[in-house]
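To start, the structure itself, in structure tokens.
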Amino acid sequence: MGVRGEKDDSGMLLDFGFLTAEVSSICGEIDGRMMVPGRSGDVTVNSRDGEVEVKLPDRRYVFPEEDLVILPIEACTAEALAGYIFGRLSDNVEGLGYVEVEESPGSVARYQP
């Protein structure tokens, strides 16, 4: 990610401890869980009795509620995930310029409004 702005009197642009905590919080919510695109027209999600049913046009899956996270994105791509993380961080990180998500070594998606 990239941050722009003016340095404060101590010469710092941003407290990296704060930024690390913010990013870690977001990553902790999704790490190790099945990500479901909540804004996809092809995916239907129903929750009941601690289970979540995820329906696609040609399949159906059932997960324990704690094993997945429904994200406000249209598809589970690196590009969409970068935009989601940017949106979550932008309220608390002044001067946030962009967020990058690395899908695999050498494959990076950047969201930069």
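For the chain, the longest principal axis of the C-alpha atoms and the axis of helix 16-30 are separated by about 0°. Placing a pseudo-label 7 Å from each Cα along the Cα-to-Cβ vector at V3 and T77 gives an inter-label distance of 2.9 nm. If R0 equals 22 Å, the separation of the Cβ atoms of E65 and V23 corresponds to a calculated FRET efficiency of about 0.35. Placing pseudo-labels 7 Å out from each Cα toward the beta carbon at N92 and D49 gives an inter-label distance of 3.7 nm.
Roughly what angle does helix 78-90 make with the longest principal axis of the chain, taking Cα atoms, 0 to 90 degrees, to the nearest 10? The angle comes out at about 50 degrees. For the chain, the 222 nm mean residue ellipticity estimated from helices alone, with every DSSP H stretch of n ≥ 4 adding -39500 (n - 2.57) and the total spread over all residues, rounds to -8000 deg cm²/dmol. Loop sites by DSSP among the trypsin sites (Lys or Arg not before Pro) of the chain, restricted to those with at most 11 other Cβ atoms within 10 angstrom, leave 8-113 as the longest stretch without any of them.
With contacts taken as Cα pairs under 8 Å and at least 6 residues apart, region 71-113 reaches a relative contact order of 38 percent.
Rg/Rh for the chain (Cα atoms only, Rh after Kirkwood) is 1.07.
Relative contact order for the chain: what is it in percent, counting Cα pairs under 8 Å that are at least 6 residues apart?
Working: 162 pairs, mean separation 30.1, N = 113.
This gives 27 percent for the chain.
For region 14-113, GluC sites (Glu not before Pro) are listed when DSSP marks them as loop and at most 10 other Cβ atoms sit within 10 Å of their Cβ; the list is empty.
All of the numbers you see were taken from the coordinates with simple rules; none came from a lab. All of these numbers come straight from a predicted model, not from anything done at the bench. Please note: Cβ atoms are built from the backbone with ideal geometry, for glycine as well, and neighbour counts cover all protein chains shown.
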